[in-house]
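Beneath this line is the structure, given in structure tokens, with notes to follow.
The values are calculated or read from the model by the stated rules, or taken from the named source; none is laboratory data. All values derive from a computational prediction rather than experimental measurement. Neighbour counts are summed over all protein chains in view; Cβ atoms, including those assigned to glycine, are modelled from backbone coordinates with ideal geometry.
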Amino acid sequence: MATVKIRIQTQNGERAPIVPVVIPNIEDVVVFAKRLHDEGQLWVGEAFGWPAEYNPEKSDPPLDSKMTFTPADFCIGESGIWFCSLMWENGKEEDPVAFLDDRNITETVS
């Protein structure tokens, strides 16, 4: 876990306060997500103090997609604050593709 300072964007855009936030180590997030992926069951809850969810792979393709299946995915965090997602878009036996939105982190405190 790391404490970082994050710039919070407000709806009106006039004020962007900076607040301290605790975020998990990405390695811990990946281990947690892979455990859920191994179980292969839908999961919604809280992990490392953040809202999170895991959706298993589905044989149906996503709407308007050339994919032949809907890949499993895991996401944690809040968009616009800190967010991480993992998607098994190359198949459930392959490593997931990761996306990390940490652009609002202004500094690491500890």
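Only a single criterion out of (1) in contact with a helix residue (DSSP H, G or I) (Cβ under 7 Å, 6 or more places away or on another chain); (2) of a type outside the set (Asp, Glu); (3) within 14 Å of residue 86 (Cα to Cα) is not satisfied by residue 47, namely (3).
Just one of 42, 86 is at pLDDT 95 or above, in contact with a strand residue (DSSP E or B) (Cβ under 9 Å, 6 or more places away or on another chain) and farther than 30 Å from residue 11 by Cα; which is it?
Values: 86 fails: farther than 30 Å from residue 11 by Cα.
None of the other options fit; the residue is 42.
Which ones in region 1-28 are among the charged types (D, E, K, R) and either outside any loop (DSSP other than H, G, I, E, B) or in contact (Cβ under 8 Å) with a residue 60 or more places away in the chain (or both)?
At the first step, the residues of region 1-28 found to be among the charged types (D, E, K, R) are 5, 7, 14-15, 27-28.
5, 7, 27, 28, listed by residue number.
Taking region 52-65 on its own, how many of its residues are part of a strand (DSSP E or B) and within 17 Å of the chain's Cα centre (by Cα)? Don't jump to the end; show me each part of the working.
Step one: of region 52-65, the residues part of a strand (DSSP E or B) are 52-55, 58.
Narrowing the set further to residues that are within 17 Å of the chain's Cα centre (by Cα) leaves 52-55.
Result for region 52-65: 4.
Within the group 91, 77, 49, 40, which residue is under 10 Å from the mean Cα position of the chain (by Cα) and on the phi > 0 side of the Ramachandran plot? Give the steps one after another, and end with the answer.
On the way: 91 fails: under 10 Å from the mean Cα position of the chain (by Cα); 49 fails: under 10 Å from the mean Cα position of the chain (by Cα); 40 fails: under 10 Å from the mean Cα position of the chain (by Cα).
Exactly one residue qualifies, and that residue is 77.
Matching residues to (1) loosely packed, with under 14 Cβ neighbours inside 10 Å; (2) of a type in the set (Asp, Glu); (3) part of a strand (DSSP E or B):
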{"site": "75", "(1), (2), (3)": "no, no, yes"}
{"site": "92", "(1), (2), (3)": "no, no, no"}
{"site": "95", "(1), (2), (3)": "yes, yes, no"}
{"site": "103", "(1), (2), (3)": "yes, no, no"}
{"site": "107", "(1), (2), (3)": "yes, yes, yes"}
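Could you say whether any residue in region 65-85 is among the β-branched types (Val, Ile, Thr), in contact with an Asp or Glu (Cβ under 6 Å, 6 or more places away or on another chain) and under 25 Å from residue 4 (Cα atoms)? No, region 65-85 has no match at all.
Can you say whether residue 48 is of a type in the set (Phe, Trp, Tyr), surrounded by 13 or more Cβ atoms within 10 Å (Cβ to Cβ) and more than 28 Å from residue 6 (Cβ to Cβ), as far as the supplied structure shows? Talk me through it step by step, then tell me what you get.
Details: of a type in the set (Phe, Trp, Tyr): yes; surrounded by 13 or more Cβ atoms within 10 Å (Cβ to Cβ): yes; more than 28 Å from residue 6 (Cβ to Cβ): no.
Taking the combined requirement at face value, the residue does not satisfy it.
Residues that are buried (at least 17 other Cβ atoms within 10 Å of the Cβ) and within 21 Å of residue 108 (Cβ to Cβ) do not occur anywhere in region 51-72.
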